[in-house]
Amino acid sequence: MAYYTADSLKAELNSKGWRMTPQREKILHLFQNLPKGDHLSAEELHALLEQRSESISLSTIYRSVKLMARMGILRELELAEGHKHYELNQPYPHHHHHVVCIQCNNTIEFRDDTILKHSLKQCKKEGFQLIDCQLTVMTICPEAIRKGWPSALPTDWCCTRVISEREAKEETRKLTQ
């Protein structure tokens, strides 16, 4: 797992016969500057780029994030929202895993070096090269359980922690634009 700069991404793309397009560079730059813990879907990435007056089609974004995930630059995450999210694939010691509430989609990051060590050991034993190592633990948050999950919760319910985090992230994004 390597940390990519625009130059190192360009060199790797060129070595595989692909080009470093301005769109790929903008996507990489955006992920490199995301606040810690932020994960973006292709649609959220598209909306964020549009807010910044960057004109990149959604199909180009889909192709670019898929390519960057295959190369190990981005991590492709299966969270509880029914679509993939992406984040920059940070090298050790920034490697982390996720605990996700399947009711409200609250996501908590955690580190556990033993998971990575076991994965590296298994890859070495089998002759594989590790691109990414991620554990996603699907859970129900304490607030959902207190509110009567699964039968007593309204379908549009969201825990107060997630609402507060969304409001804080939105405020941060407004300040950085």
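Things to note:
Rundown of residues vs (1) within 15 Å of the chain's Cα centre (by Cα); (2) in a helix (DSSP H, G or I); (3) in contact (Cβ under 8 Å) with a residue 12 or more places away in the chain, yes/no style:
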residue	(1), (2), (3)
12	no, yes, yes
19	no, no, no
28	yes, yes, yes
31	yes, yes, yes
38	yes, no, yes
43	yes, yes, yes
47	no, yes, no
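- Members of region 96-105 found to be open to solvent by less than 10 Å² (accessible area, probe 1.4 Å) and either within 14 Å of the chain's Cα centre (by Cα) or modelled with pLDDT of 90 or more (or both), listed by number: 97, 98, 100
- So residue 77, is it within 23 Å of residue 61 (Cα to Cα), in contact with a Phe, Trp or Tyr (Cβ under 8 Å, 6 or more places away or on another chain), touching a residue at least 12 places away in the same chain (Cβ under 8 Å) and open to solvent by less than 30 Å² (accessible area, probe 1.4 Å): yes
- Breaking point among (1) within 17 Å of residue 42 (Cβ to Cβ); (2) touching a residue at least 60 places away in the same chain (Cβ under 8 Å), for residue 72: (1)
- Looking across region 26-62, the residues that are surrounded by fewer than 14 Cβ atoms within 10 Å (Cβ to Cβ) and farther than 30 Å from residue 106 by Cβ come down to 53, 55, 57, 59.
- Members of region 134-150 that are within 21 Å of the chain's Cα centre (by Cα) and modelled with pLDDT of 85 or more: 135, 136, 137, 138, 139, 140, 141
- Tally of residues being part of a loop (DSSP other than H, G, I, E, B) and crowded, with 16+ Cβ neighbours inside 10 Å across region 1-10: 2
- Residue list for region 114-149, restricted to those being without any contact (Cβ under 8 Å) to a residue 12 or more places away in the chain, within 11 Å of residue 103 (Cα to Cα) and open to solvent by less than 90 Å² (accessible area, probe 1.4 Å): 142
- Among the candidates 66, 84, residue that is open to solvent by 30 Å² or more (accessible area, probe 1.4 Å), in contact with an Asp or Glu (Cβ under 6 Å, 6 or more places away or on another chain) and under 20 Å from residue 131 (Cα atoms): 84
- For residue 68: the one exception among (1) assigned to a loop (DSSP other than H, G, I, E, B); (2) among the hydrophobic types (A, V, I, L, M, F, W, C); (3) modelled with pLDDT of 85 or more; (4) under 28 Å from residue 110 (Cβ atoms): (1)
- Here the condition is being at pLDDT 85 or above, out of contact with any Lys or Arg (no Cβ under 8 Å at 6 or more places or on another chain) and not small (Gly, Ala, Ser); of 76, 126, it holds for 126 alone.
The values are calculated or read from the model by the stated rules, or taken from the named source; none is laboratory data. The structure presented is a predicted model; accordingly, all values stated were derived computationally and were not measured. Because the Cβ atoms are built from the backbone with ideal geometry, glycine has one as well, and the counts that use them run over all protein chains shown. Just so you know, the surface numbers come from the protein's heavy atoms only, side chains and all, with ligands and any DNA or RNA stripped out. Shrake-Rupley method; radii C 1.70, N 1.55, O 1.52, S 1.80 Å.
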